[in-house]
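Colleague: Have a look at the structure that comes next, please.
The values are calculated or read from the model by the stated rules, or taken from the named source; none is laboratory data. Keep in mind it's a predicted model, so treat the numbers as computed, not measured. Heads up, the Cβs are rebuilt from the backbone with ideal geometry, glycines too, and the neighbour counts pull from every protein chain shown.
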Amino acid sequence: MKKILIAEDSAQVRETLKSVVEMWGYEADTASDGSEALRKMEDSPPDLVIIDIMMPVLHGLNLLQKIKAGEKTSNIKVVIYTGKDFESEKAKALELGADAYVTKAENIEILKSRIKNLLEGEDTSFNIEIFGARGSIPAPGKNYEKYGGNTSCVKLKAGESLFILDAGTGIRELGRTLSGTGEKVSAFLLFTHTHWDHIQGFPFFAPAYDPGNEFIVYGPRSMDRSLEDTFKLQFDPNYFPVSVSDLSSRIRFRDLTEESFSCGPVDISTVYLNHPGMTLGYAFKRSGRKICYITDNELTGEAGAESVDGAGRLSEFISGSDLCIMDAQYTDLEYPEKRGWGHSPIGRVLSLAEGAGVSRLILFHHDPDHTDEDMDLILDSARERSGISVDAAREGDSLDI
Ligand SMILES: [Zn+2]
Ligand SMILES: [Zn+2]
């Protein structure tokens with residue numbers, strides 16, 4: 001039987017939770033403050049701990065930090081169950097590694113389903129949804145209906161944590177789906193770089209204008225400007241009528257270089273890509289699963305070019321991934337004319353992914369001149385040539401990994 005520890009200072013809530021958790025079919029133990037909870041977890045680690053935030057002796061978020069840093073405790077699933085209904089508190093808890101955040105005002109069934117998902121594996125490690133897969137410029141029209149015409153935007157969910165990869169024009173529709181739920185939005189927004197086709201949708205991302213929402217924005221700084229300064233330039237009145245001060249959600253920026261960090265239950269690493277300007281690729285790891293997002297990258301196609309175009313480092317970076325989304329903008333025939341534009345010929349992408357032991361490759365950043373018919377042919381030919389599973393990203397695709 002799976003074991004749950006309940007860390008809660010109110011005796012009444014603690015005992016009620018204990019009997020409810022037992023009714024749900026789990027073994028339950030309790031602790032009345034943070035340090036007692038930590039001691040119990042170190043002596044005999046439970047599968048999951050439910051933590052109140054406002055507790056004597058050791059505050060819930062400090063306890064969470066200690067659990068995630070402890071050798072014996074770092075694998076314990078953590079559910080924050082609190083009266084504090086603040087987006088900033090929730091964002092902080094997820095940032096520190098909490099697997100779920102439920103408020104006491106919510107129906108107890110929500111707590112049950114979060115716990116069930118975490119303990120019984122119904123919660124897939126990652127869910128990916130494609131909202132924009134086109135490169136360079138949007139490609140609307142009837143010839144682009146199947147793969148879609150919006151530029152780069154991918155939604156990645158890991159438990160409670162929401163990641164948005166790039167804010168091309170696809171983010172507008174993603175914003176509509178998020179606003180449509182009526183729930184507050186708290187998300188990590190990760191930019192590969194700030195070329196138009198990766199930022200242009202952001203001014204039309206409705207959740208950014210809601211004061212209850214919160215975003216932490218990550219991306220590379222350029223040589224002479226922070227990510228925040230570059231990002232805000234697109235709100236210059238010469239380019240756009242709405243001012244950046246109208247973005248009433250809480251937005252914080254973090255400049256990235258090549259590094260590793262954690263967001264919620266996900267470990268993230270970055271790598272510089274071969275593209276004009278500072279551009280980063282991302283790897284996401286959770287529960288033994290690995291997903292990579294590598295777009296706007298030029299593999300030059302020359303024999304022995306591994307050290308020149310960074311393919312050697314990249315191969316190591318994407319090594320063993322369960323799924324890899326990769327820039328493959330040009331066919332091998334088109335590439336010689338497009339050399340130096342910062343995008344890859346498909347042949348090189350296929351061989352790199354295969355050599356790196358990628359299980360599933362998703363071709364991405366489709367050329368705006370490639371119609372649905374072209375894309376079907378490109379995909380067929382890629383599948384014929386490759387020994388691994390290959391797909392081409394399509395708007396609306398949803399995958400569990
Ligand atoms: Zn691009
Ligand atoms: Zn670019």
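Colleague: Return the pairs, sorted by first residue and then second, in which the second residue is of a type in the set (D, E, K, R), the first residue lies in the range 345-361 and is farther than 12 Å from R385 by Cα, the beta carbons are less than 7 Å apart, and the residues are 6+ apart or on different chains.
Modeller: P345/D332; S359/D322; R360/D322
Colleague: On the basis of being more than 16 Å from ligand 1 (Cβ to nearest atom), within 15 Å of L280 (Cα to Cα) and basic (K, R), does R225 make the cut? Let's see the steps before the verdict.
Modeller: Details: more than 16 Å from ligand 1 (Cβ to nearest atom): yes; within 15 Å of L280 (Cα to Cα): no; basic (K, R): yes.
The answer is no for R225.
Colleague: Considering only the range 22-34, state which residues are touching a helix residue (DSSP H, G or I) at 6+ places or on another chain (Cβ under 8 Å) and either surrounded by fewer than 21 Cβ atoms within 10 Å (Cβ to Cβ) or closer than 21 Å to N117 by Cβ (or both).
Modeller: Within the range 22-34, the subset touching a helix residue (DSSP H, G or I) at 6+ places or on another chain (Cβ under 8 Å) is 24, 26, 28-32, 34.
Hits for the range 22-34 are W24, Y26, A28, D29, T30, S32.
Colleague: Looking at (1) under 29 Å from E106 (Cβ atoms); (2) at pLDDT 95 or above; (3) more than 16 Å from ligand 2 (Cβ to nearest atom), can you tell me which one L190 breaks?
Modeller: With respect to (1) under 29 Å from E106 (Cβ atoms); (2) at pLDDT 95 or above; (3) more than 16 Å from ligand 2 (Cβ to nearest atom), L190 is out only on (3).
Colleague: A further question follows. Could you pull out the residue among S136, S113 that is over 21 Å from the mean Cα position of the chain (by Cα) and on the phi > 0 side of the Ramachandran plot?
Modeller: On the way: S113 fails: on the phi > 0 side of the Ramachandran plot.
Within the list S136, S113, the selection yields S136.
Colleague: Please state which one of A100, A105 is among the small types (G, A, S) and over 23 Å from the mean Cα position of the chain (by Cα).
Modeller: Details: A100 fails: over 23 Å from the mean Cα position of the chain (by Cα).
Being among the small types (G, A, S) and over 23 Å from the mean Cα position of the chain (by Cα) holds for just one of A100, A105, which is A105.
One line per residue, one yes/no per condition, for (1) within 23 Å of E173 (Cα to Cα); (2) not hydrophobic (A, V, I, L, M, F, W, C):
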position	(1), (2)
L111	no, no
S125	no, yes
A133	yes, no
E145	yes, yes
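Colleague: Okay, moving on. State all residues of the range 168-188 that are within 16 Å of ligand 1 (Cβ to nearest atom) and touching a Phe, Trp or Tyr at 6+ places or on another chain (Cβ under 6 Å); if no residue qualifies, say none.
Modeller: Residues of the range 168-188 within 16 Å of ligand 1 (Cβ to nearest atom): 168-171.
If the condition is that a residue be within 16 Å of ligand 1 (Cβ to nearest atom) and touching a Phe, Trp or Tyr at 6+ places or on another chain (Cβ under 6 Å), then G170, I171 are the ones that fit.
Colleague: Look through the range 201-221, keep the residues that are within 16 Å of ligand 2 (Cβ to nearest atom) and surrounded by fewer than 24 Cβ atoms within 10 Å (Cβ to Cβ), and return whichever of them is farthest from G396 (Cα to Cα). If you could, list the steps in order and put the result at the bottom.
Modeller: Let us first name the residues in the range 201-221 that are within 16 Å of ligand 2 (Cβ to nearest atom), namely 201-202, 219-221.
After this cut, where a residue has to be surrounded by fewer than 24 Cβ atoms within 10 Å (Cβ to Cβ) as well, the list is 220-221.
Details: P220: 28, R221: 31 Å.
Checked the range 201-221; the qualifying residue farthest from G396 (Cα to Cα) is R221.
Colleague: Look at the range 16-35 and say how many of its residues are touching a residue at least 12 places away in the same chain (Cβ under 8 Å) and either part of a helix (DSSP H, G or I) or in contact with a strand residue (DSSP E or B) (Cβ under 7 Å, 6 or more places away or on another chain) (or both). Even if it seems obvious, please write down each step before you answer.
Modeller: Taking the range 16-35 as the starting set, the residues that turn out to be touching a residue at least 12 places away in the same chain (Cβ under 8 Å) are 17-18, 20-21, 24-35.
Filter once more, so that each one left must be either part of a helix (DSSP H, G or I) or in contact with a strand residue (DSSP E or B) (Cβ under 7 Å, 6 or more places away or on another chain) (or both): 17-18, 20-21, 26-31, 34-35.
Of the residues in the range 16-35, 12 are touching a residue at least 12 places away in the same chain (Cβ under 8 Å) and either part of a helix (DSSP H, G or I) or in contact with a strand residue (DSSP E or B) (Cβ under 7 Å, 6 or more places away or on another chain) (or both).
Colleague: Right, here's the next one. For A356, state whether it is within 16 Å of ligand 1 (Cβ to nearest atom) and either of a type in the set (A, V, I, L, M, F, W, C) or closer than 25 Å to Y147 by Cβ (or both).
Modeller: Working: within 16 Å of ligand 1 (Cβ to nearest atom): no; either of a type in the set (A, V, I, L, M, F, W, C) or closer than 25 Å to Y147 by Cβ (or both): yes.
When the stated conditions are applied, A356 does not pass them.
Colleague: How many residues are crowded, with 18+ Cβ neighbours inside 10 Å and closer than 20 Å to K104 by Cα if we restrict to the range 38-57?
Modeller: 7
Colleague: I'd like the residue in the range 168-189 that is touching a residue at least 40 places away in the same chain (Cβ under 8 Å), not β-branched (V, I, T) and not in a loop (DSSP other than H, G, I, E, B) and, out of all such residues, is surrounded by the fewest Cβ atoms within 10 Å (Cβ to Cβ).
Modeller: That would be E173.
Colleague: Would you confirm whether or not the range 280-297 contains a residue that is over 19 Å from R383 (Cα atoms), small (G, A, S), within 16 Å of ligand 1 (Cβ to nearest atom) and at pLDDT 95 or above?
Modeller: Step one: of the range 280-297, the residues over 19 Å from R383 (Cα atoms) are 280-297.
From what's left, small (G, A, S): 281, 283, 287-288.
From the residues that got through so far, the ones that are within 16 Å of ligand 1 (Cβ to nearest atom) too are 281.
From the residues that got through so far, the ones that are at pLDDT 95 or above too are 281.
Yes; the residues of the range 280-297 include at least one that is over 19 Å from R383 (Cα atoms), small (G, A, S), within 16 Å of ligand 1 (Cβ to nearest atom) and at pLDDT 95 or above.
Colleague: I've got another one for you. Is it the case that L63 is touching a Gly at 6+ places or on another chain (Cβ under 7 Å), crowded, with 21+ Cβ neighbours inside 10 Å and over 17 Å from V13 (Cβ atoms)? If you could, list the steps in order and put the result at the bottom.
Modeller: On the way: touching a Gly at 6+ places or on another chain (Cβ under 7 Å): yes; crowded, with 21+ Cβ neighbours inside 10 Å: yes; over 17 Å from V13 (Cβ atoms): no.
So L63 does not fit the description; no.
Colleague: Moving to a separate point now. Filter the range 312-326 down to residues that are in contact with a Lys or Arg (Cβ under 9 Å, 6 or more places away or on another chain) and surrounded by 23 or more Cβ atoms within 10 Å (Cβ to Cβ) and give me whichever is nearest to E129 (Cα to Cα).
Modeller: Of everything passing the filter in the range 312-326, C324 is nearest to E129 (Cα to Cα).
Colleague: Would you please name the residue that is farthest from ligand 1 (Cβ to nearest atom), looking only at residues in the range 195-209 that are closer than 10 Å to D166 by Cβ and under 18 Å from the mean Cα position of the chain (by Cα)?
Modeller: F202
Colleague: A further question on this structure: Residues that are closer than 24 Å to K92 by Cβ and among the acidic types (D, E): find the strands (runs of 3 or more DSSP E) completely inside the range 230-301 holding 1 or more of those. Outline the logic, then answer.
Modeller: Numbers: elements: 250-256, 260-263, 266-272, 280-286, 289-294.
Answer list for the range 230-301: 250-256, 266-272.
Colleague: Turning to a different aspect of this structure: Going through E228, E259 one at a time, which residue ends up being in contact (Cβ under 8 Å) with a residue 12 or more places away in the chain and outside the structural domain of A69 (by TED's automatic domain parsing)? Can you show your working first?
Modeller: Working: E259 fails: in contact (Cβ under 8 Å) with a residue 12 or more places away in the chain.
So the residue among E228, E259 that is in contact (Cβ under 8 Å) with a residue 12 or more places away in the chain and outside the structural domain of A69 (by TED's automatic domain parsing) is E228.
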